[in-house]
Amino acid sequence: MAFPYITSPENIGQIPFRFLSTILARGLSYLPVTPNQVTIFRSILAMISLYFFSLGGGVNLLRAVSIFYVFEILDHVDGDLARLTGRTSALGPLLEQFVDTWASRPSNLFGFCIAFGMFRETQSLVGFILFGSTALGRMLWLEYRDVFGWQRKPKSDPKTYTGILAATSPQEGFRNLFEVLYIWNNTFLLIGALLHALLPNMIYDPLVVGFIVVAVLNNLPWMAITYCGFKEAWVRQTKR
């Protein structure tokens, strides 16, 4: 029998978070806790986690990652609690988006705090360079996506959310895989931070490797849409 999620996972990365969120939301539904209070509590956890990230060092990274994963789980709890109890509001989605944007995206404060912690620990500018590349890639994506003809696909579109293994073609499977990796790109930083703390003597710093992956993921989308946009424009122009 399928697990009775309050909100079904949209991709494979959401399965454990939606599972735990369903359990926590059902428990909180018996308490006088509102969804917005959960979101505010999440924002406090995020600030604590980012503070530890900014300190750098193995112990602080372990603290930061542990707190951040609680923050990630609660990211789904506020919405599930609202759906379960019927206590939805116009403020809730805005408050959640406001918190998530600065607290969990590598191109914003989340990435900057990790880069700052890397600098404090190593006195190297590599973290800031990778953060700058990540932020630039995100900015260019936001600037170029409408001009170069990118069209947002609704979540109800079955072709977008059929998953990786259920894809009807290699191209669709790759697109879905990239979508999952892009949505959860901060996971590469979190895993890198854990490995950096637990295995400090690795040949390649896993935190640097994770940040490189994040920078690549944040730059590929704008490169892809500009290439396709220029290619389509060139084809139309040569046919005249």
Among the residues of the range 9-18, are any surrounded by fewer than 19 Cβ atoms within 10 Å (Cβ to Cβ), of a type in the set (Gly, Ala, Ser) and not assigned by TED's automatic domain parsing to the domain that holds Leu195? yes
Would you be able to tell me the number of residues in the range 170-189 that are buried (at least 19 other Cβ atoms within 10 Å of the Cβ) and assigned to a helix (DSSP H, G or I)? 4
Consider Leu94 carefully, then state whether it is at pLDDT below 95, surrounded by fewer than 19 Cβ atoms within 10 Å (Cβ to Cβ), assigned by TED's automatic domain parsing to the domain that holds Pro9 and in a helix (DSSP H, G or I). yes
Does at least one position in the range 39-58 carry a residue that is over 14 Å from Asn186 (Cβ atoms) and in a loop (DSSP other than H, G, I, E, B)? yes
Which residue is farthest from Tyr69 (Cα to Cα), if the candidates are limited to the range 105-130 and must be under 15 Å from the mean Cα position of the chain (by Cα) and not in a loop (DSSP other than H, G, I, E, B)? Phe112
Is it true that Val235 is touching a Leu at 6+ places or on another chain (Cβ under 8 Å) and either assigned to a helix (DSSP H, G or I) or free of Cβ contacts under 8 Å to residues at least 12 places away in the same chain (or both)? no
Please find, within the range 210-231, the residue that is surrounded by the most Cβ atoms within 10 Å (Cβ to Cβ) out of those that are among the aliphatic types (A, V, I, L, M) and over 17 Å from the mean Cα position of the chain (by Cα). Ile225
Out of (1) hydrophobic (A, V, I, L, M, F, W, C); (2) assigned to a helix (DSSP H, G or I); (3) surrounded by fewer than 17 Cβ atoms within 10 Å (Cβ to Cβ), the odd one out for Met202 is which? (2)
Among (1) in the same structural domain as Thr7 (by TED's automatic domain parsing); (2) touching a residue at least 12 places away in the same chain (Cβ under 8 Å); (3) surrounded by fewer than 16 Cβ atoms within 10 Å (Cβ to Cβ), which single condition is Phe41 missing? (3)
Kindly establish whether Ser49 is among the polar types (S, T, N, Q) and touching a Lys or Arg at 6+ places or on another chain (Cβ under 9 Å). yes
Any chance Phe53 is aromatic (Phe, Trp, Tyr) and under 17 Å from Pro93 (Cα atoms): no
Result of the Cβ filter at 9 Å on the range 78-106, keeping first residues that are within 23 Å of Tyr5 (Cβ to Cβ) and partners that are surrounded by fewer than 18 Cβ atoms within 10 Å (Cβ to Cβ) and among the basic types (Lys, Arg), at least 6 apart or interchain, is Asp80/Arg26; Leu81/Arg26; Leu81/Arg87; Leu84/Arg26
Residue selected from the range 86-132 under the condition small (Gly, Ala, Ser) and touching a Ser or Thr at 6+ places or on another chain (Cβ under 6 Å), by the criterion farthest from Ala197 (Cα to Cα): Ser107
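The values are calculated or read from the model by the stated rules, or taken from the named source; none is laboratory data. Since the structure is predicted, the reported quantities are computational estimates derived from the model, not experimental observations. Cβ sites come from the backbone with ideal geometry, for glycine too, and all protein chains shown count toward neighbours.
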